[in-house]
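*Asks:* Let me give you the structure first, and then I'll get to my questions.
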Amino acid sequence: MQALVVDDSETIRLILKEHLKKMGFEVTEAANGRQALEALKGMATADLVLVDWNMPEMDGVSFVRAVRAQPAYASLPLLMVTTNAELSQVSVALEAGANEYIMKPFTKDILQNKLELLGFLQV
């Protein structure tokens, strides 16, 4: 399974990468939405994208909209991982095309639960 982790924080990328590797994913990283779009094009397959909201150059919601505008990625699971915790912001992300939403800080168990909901892990 191939995952793309998009976050401007190197620390958050490292944490997500380590958790995902333990769950059987190979991980590609990007520091913002623009880099992520390029990384996505360069990946042979992408099974999952975890994306932060607040990033320079292209934020997470803009990235989600750009991905959803491409028919090839219509079914690609997109998981927002962000500090934006207000219900209205959750709605914006989901309406843009995100499949799930995780609030920072998060635990490995929270991430695992979301991946189970998306059908990646056995319950």
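The values are calculated or read from the model by the stated rules, or taken from the named source; none is laboratory data. Everything numeric here is computed off the predicted structure, so don't read it as measured data. Neighbour counts run over all protein chains shown; Cβ positions are idealised from the backbone, glycine included. Remember, those area values only see protein heavy atoms, side chains included, never the ligands or the DNA or RNA. Shrake-Rupley method; radii C 1.70, N 1.55, O 1.52, S 1.80 Å.
*Asks:* Would you check which residues across region 105-119 are touching a strand residue (DSSP E or B) at 6+ places or on another chain (Cβ under 7 Å) and open to solvent by 40 Å² or more (accessible area, probe 1.4 Å) and list them?
*Replies:* Passing the criteria: I110, K114, L117, L118.
*Asks:* Can I ask one more? Which of the following residues is closer than 14 Å to A3 by Cα and not small (G, A, S): L117, L87, L76?
*Replies:* Matching residue, one of L117, L87, L76: L76.
*Asks:* Can you find a residue in region 83-95 that is at pLDDT 95 or above and open to solvent by less than 70 Å² (accessible area, probe 1.4 Å)?
*Replies:* Looking for residues that are at pLDDT 95 or above and open to solvent by less than 70 Å² (accessible area, probe 1.4 Å), one finds none in region 83-95, hence no.
*Asks:* Same structure, new question: Tell me which residues, restricted to region 96-121, are modelled with pLDDT of 95 or more and either at positive phi or touching a Cys at 6+ places or on another chain (Cβ under 9 Å) (or both).
*Replies:* G97
*Asks:* Can you tell me which residue is farthest from the chain's Cα centre (by Cα) among those in region 104-123 that are of a type in the set (A, V, I, L, M, F, W, C) and farther than 17 Å from L14 by Cα?
*Replies:* It comes out as V123.
*Asks:* So, in region 68-86, of the ones that are under 13 Å from the mean Cα position of the chain (by Cα) and part of a loop (DSSP other than H, G, I, E, B), which residue ends up farthest from T45 (Cα to Cα)?
*Replies:* Checking each candidate, the answer is P77.
*Asks:* Can you name the residue in region 1-37 that is among the small types (G, A, S) and free of Cβ contacts under 8 Å to residues at least 40 places away in the same chain and, of all such residues, is most open to solvent (accessible area, probe 1.4 Å)?
*Replies:* G24
*Asks:* More than 18 Å from E100 (Cβ to Cβ), modelled with pLDDT under 95 and of a type in the set (G, A, S): is that true of A30 in this structure?
*Replies:* No: the conditions fail for A30.
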